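Asker: Here it is, the structure in full.
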Amino acid sequence: MSNNNVKINVNHITRVEGHGNITIDVSNGELKECKLHVVEAPRFFEAMLKGRHYNDVGLIVCRICGICSAGHMLASLKASEDAFGITISDQERKLRMLLNCGEFFESHVLHVYFLAVPDFVGAKSVLPLVNTHKDTVIQALKLKKLGHDIGNIIGGRLIHSISMNVKAVSKVPTKKELEEIISRLKDAKKEIAIGANILKTLKIPDFERETEYISLYKPGEYTFLEGSIFSSDSGETSYKNYRETTNEYLVDHSTAKRAKHKRNSYMVGALARFNNNNQWLSDDAKQMAHDLGLKAPCYNPYMITVAQFVELVHMADDSIKTAEELLNMNLEVEDRTFPLKAVTGVGAIEVPRGILFHEYSYNDKGHLEKANCIIPTGQNLENIENDMRKLTPTILDKTKEEITLMLEMLVRAYDPCISCSTHLLDVKFINA
Amino acid sequence: MPKPKVAFFDFTCCEGCQLCALDLTAEQLLDLLAVIDIVEFREAISEKSDSFDIAIVEGSITRDSDIPRLEKIRKTANLLICLGSCSCIVGINALKNFQKTEELQNEVYPDAPHRYETSVARAVDEIVKVDAIIPGCPINTLEFVKVVKNLVLGKDPDIPTYPVCIECKKKENICVYEKGIHCLGPVIRAGCGAICPEKGGYCFGCRGLVPDPNLDSMREIMNKYNMPYDQIDDRFKLFLGRNKEILQDVQ
């Protein structure tokens, strides 16, 4: 039997980063309202950056988000380096790949095991699983800690890196530390393989909505830190043209910004990366995708969680290789000086939740005059709502609790990081 | 003795200190869960509770509309602990207090400057009574465990009142001033293990001032090592914006 009248209000969705609410209103079988509200307090980071020296900019913006701290730091360094015309060394590039790997482990493991999986096994959180799935919980904690520990070795502490700077790091890892990263990543691969057995048993909801998928793109590489912007609708464009991709825009009934490109919404994140770049995954990651039933192109947003898991395998392979290369190099603290001039630059990188853009303008003293940060979750919000609009009418035969859970799971699948909301989005539509 | 119920709450912040609080080995975490019951932790669990003994509060208060929620938490909790610099000393959020609200709103939301409420960023102790602080941006995980353990045992939280320099010397680091780097270590509360000067950086003050800092001397030293006073203010502003008395050029 179908529910003709359903009202759902989820205040402060749990197991997401930051504060968000869901509102659904179905009257006489018609979807009247379907909203994902962002209720996080605004931070005003771009204003806080004004006047700050380039040395401080990275350490301020990484504090936008505890989970994506390294991502914001790396995007920030890239934007500053793009502005000042700095090319980083091979050593620096490799160290940043490792730092990014640490963040992906910490973030994806947290999301897959702690935030997403409990829904599938009917638990309210990971806590009850300590009794029923103790080994898995211990494994997950180890994998997550590995992420933080890599952050600690490369960046100097768990989050909010100390040693990352424009042009070069202020401290290089020792051989012993690199060996530790390699051996723990090798162990991690075994643990991921065991974790995959749990993912195989999860009943992923059967829901599809094809959309535009946007990610970084660098032929030959499943890229995270370099490349151009790629859209599944319109192909490749320079990262410098990011404003033409994100198109922050206004609508009549809301004065806040949204993002759209070729359609009225697009998706960024693990599934978008997988759809655009899967041919360049490591062999083991390809095998993992195959084993978990993830095939490109995949239009099911609930599969984002699976795509993240596949990325963990790729990240481990990629980082083991990178760390081994670093072991064979003579690492040293490099010179960090460069000439100052008044300039503007853009940094685009892939962070766990998708493509992230920072753009800065500096004066000739190296002080920031204007900043713009466009975060993945902001780019995804409109797409999440479009999914909710398509999904809700098809599940009205379920109980209100089941509908709520399906919607919460959908929002969680995107792994939204609302704390990151440098630009709040207040999305609203009626008569869907 | 029943296990004390612990609840985590977050206001304006990056939520990174919550993550660091749980950056424990499985053994450490299970040990912790053996002495406390986590009854609310929105970032990690869906369980919610109206009853708890210890409230751990992360983040600054940057909207007046958040005050009733904080007051309710204070009323319910026997002990209220501030987690991280945003809640202990306002931290990075205080940077926005140097600009007028109008300017901030026009800079970030030029199309709708008044859409989002914001007020002066405040630390938790500017609004309600605080029983213990765990400073840092982010916190030191081991210090978190120590403070919670001490409080559960009815002891003093025991966070250092001496400066970062003490820990830095114990690690036998060369003073970064010798390398031409300006560091706030002499006036900042220890407990971090002096990790920033150790790792090629310098102390920028994320744990806040020691209880009775000699700021005149700090400014004098920084200036002696060729830092102009406006840059000294800039450095103080980064994390110590709450302590307006230390800023000379900017009020």
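Asker: Could you tell me whether region B:93-104 includes any residue that is within 16 Å of the chain's Cα centre (by Cα), more than 12 Å from every other protein chain (Cβ to nearest Cβ) and under 24 Å from B:N243 (Cβ atoms)?
Answerer: Checked against the condition, which is being within 16 Å of the chain's Cα centre (by Cα), more than 12 Å from every other protein chain (Cβ to nearest Cβ) and under 24 Å from B:N243 (Cβ atoms), region B:93-104 yields no hits at all.
Asker: Considering only region A:90-149, state which residues are of a type in the set (S, T, Y) and more than 10 Å from chain B (Cβ to nearest Cβ).
Answerer: A:Y113, A:T132, A:T136
Conditions tested, residue by residue: (1) facing another protein chain (nearest Cβ under 10 Å); (2) modelled with pLDDT of 95 or more.
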{"site": "B:V108", "(1), (2)": "yes, no"}
{"site": "B:P113", "(1), (2)": "yes, no"}
{"site": "B:A123", "(1), (2)": "no, yes"}
{"site": "B:K129", "(1), (2)": "no, yes"}
{"site": "B:P138", "(1), (2)": "yes, yes"}
{"site": "B:K146", "(1), (2)": "no, no"}
{"site": "B:K149", "(1), (2)": "no, no"}
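Asker: Output the residues belonging to region B:110-127 that are touching a residue at least 40 places away in the same chain (Cβ under 8 Å) and surrounded by 18 or more Cβ atoms within 10 Å (Cβ to Cβ).
Answerer: Selection gives B:T118, B:A121, B:R122, B:A123, B:V124.
Asker: Could you check region A:71-108 and list, in sequence order, the residues that are surrounded by 24 or more Cβ atoms within 10 Å (Cβ to Cβ) and of a type in the set (K, R)?
Answerer: Result: A:K78, A:R96.
Asker: Okay, moving on. Going by the conditions given, is B:K48 at pLDDT 85 or above and not hydrophobic (A, V, I, L, M, F, W, C)?
Answerer: no
Asker: May I ask you to list the residues in region A:190-206 that are charged (D, E, K, R) and not in a helix (DSSP H, G or I)?
Answerer: A:K203, A:D206, listed by residue number.
Asker: Say whether the condition of being in contact with an Asp or Glu (Cβ under 9 Å, 6 or more places away or on another chain), of a type in the set (K, R) and within 12 Å of chain A (Cβ to nearest Cβ) is met by at least one residue in region B:48-59.
Answerer: yes
Asker: Got at least one residue in region A:68-81 being out of contact with any Phe, Trp or Tyr (no Cβ under 7 Å at 6 or more places or on another chain), within 24 Å of A:S107 (Cβ to Cβ) and within 7 Å of chain B (Cβ to nearest Cβ)?
Answerer: Among the residues of region A:68-81, at least one is out of contact with any Phe, Trp or Tyr (no Cβ under 7 Å at 6 or more places or on another chain), within 24 Å of A:S107 (Cβ to Cβ) and within 7 Å of chain B (Cβ to nearest Cβ), which makes the answer yes.
Asker: Check off (1) surrounded by 16 or more Cβ atoms within 10 Å (Cβ to Cβ); (2) at pLDDT below 95; (3) away from chain B (no Cβ under 14 Å) for A:G156 and give me the number that stays unchecked.
Answerer: Just one mismatch for A:G156, condition (3).
Yes/no per residue for (1) of a type in the set (S, T, Y); (2) in contact with a Leu (Cβ under 8 Å, 6 or more places away or on another chain); (3) at pLDDT 95 or above:
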residue	(1), (2), (3)
A:T174	yes, no, yes
A:L178	no, yes, yes
A:I182	no, yes, yes
A:K186	no, no, yes
A:K189	no, no, yes
A:N197	no, no, no
A:K200	no, yes, no
A:I204	no, no, no
A:E212	no, no, yes
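Asker: Of the residues that make up region B:68-86, is at least one within 13 Å of chain A (Cβ to nearest Cβ), modelled with pLDDT under 95 and surrounded by fewer than 24 Cβ atoms within 10 Å (Cβ to Cβ)?
Answerer: Yes, region B:68-86 contains a residue that is within 13 Å of chain A (Cβ to nearest Cβ), modelled with pLDDT under 95 and surrounded by fewer than 24 Cβ atoms within 10 Å (Cβ to Cβ).
Asker: Now a separate question. Anything in region B:50-109 that is among the aliphatic types (A, V, I, L, M) and without any contact (Cβ under 8 Å) to a residue 24 or more places away in the chain? List them, or say none.
Answerer: B:L104, B:V108, listed by residue number.
Asker: Can you find a residue that is within 24 Å of A:K365 (Cβ to Cβ), surrounded by 24 or more Cβ atoms within 10 Å (Cβ to Cβ) and of a type in the set (V, I, T) anywhere in region A:56-70?
Answerer: Scanning region A:56-70, I find at least one residue that is within 24 Å of A:K365 (Cβ to Cβ), surrounded by 24 or more Cβ atoms within 10 Å (Cβ to Cβ) and of a type in the set (V, I, T), so the answer is yes.
Asker: Restricting the search to region A:159-179, which residues are surrounded by fewer than 17 Cβ atoms within 10 Å (Cβ to Cβ) and either at positive phi or away from chain B (no Cβ under 14 Å) (or both)?
Answerer: A:K175, A:K176, A:E179
Asker: Right, something else. For A:V346, are the conditions met, namely being hydrophobic (A, V, I, L, M, F, W, C) and in contact (Cβ under 8 Å) with a residue 60 or more places away in the chain?
Answerer: So A:V346 fits the description; yes.
Asker: Let me ask you something else. Within region A:355-365, identify whether any single residue is farther than 18 Å from A:T246 by Cα and among the basic types (K, R), and answer yes or no.
Answerer: yes
Asker: Also: Could you list, in sequence order, all residues of region A:117-137 that are under 15 Å from A:I192 (Cβ atoms) and either touching a residue at least 60 places away in the same chain (Cβ under 8 Å) or assigned to a loop (DSSP other than H, G, I, E, B) (or both)?
Answerer: Hits for region A:117-137 are A:V117, A:T136.
The values are calculated or read from the model by the stated rules, or taken from the named source; none is laboratory data. All values reported here derive from a predicted model rather than from experimental measurement. Neighbour counts run over all protein chains shown; Cβ positions are idealised from the backbone, glycine included.
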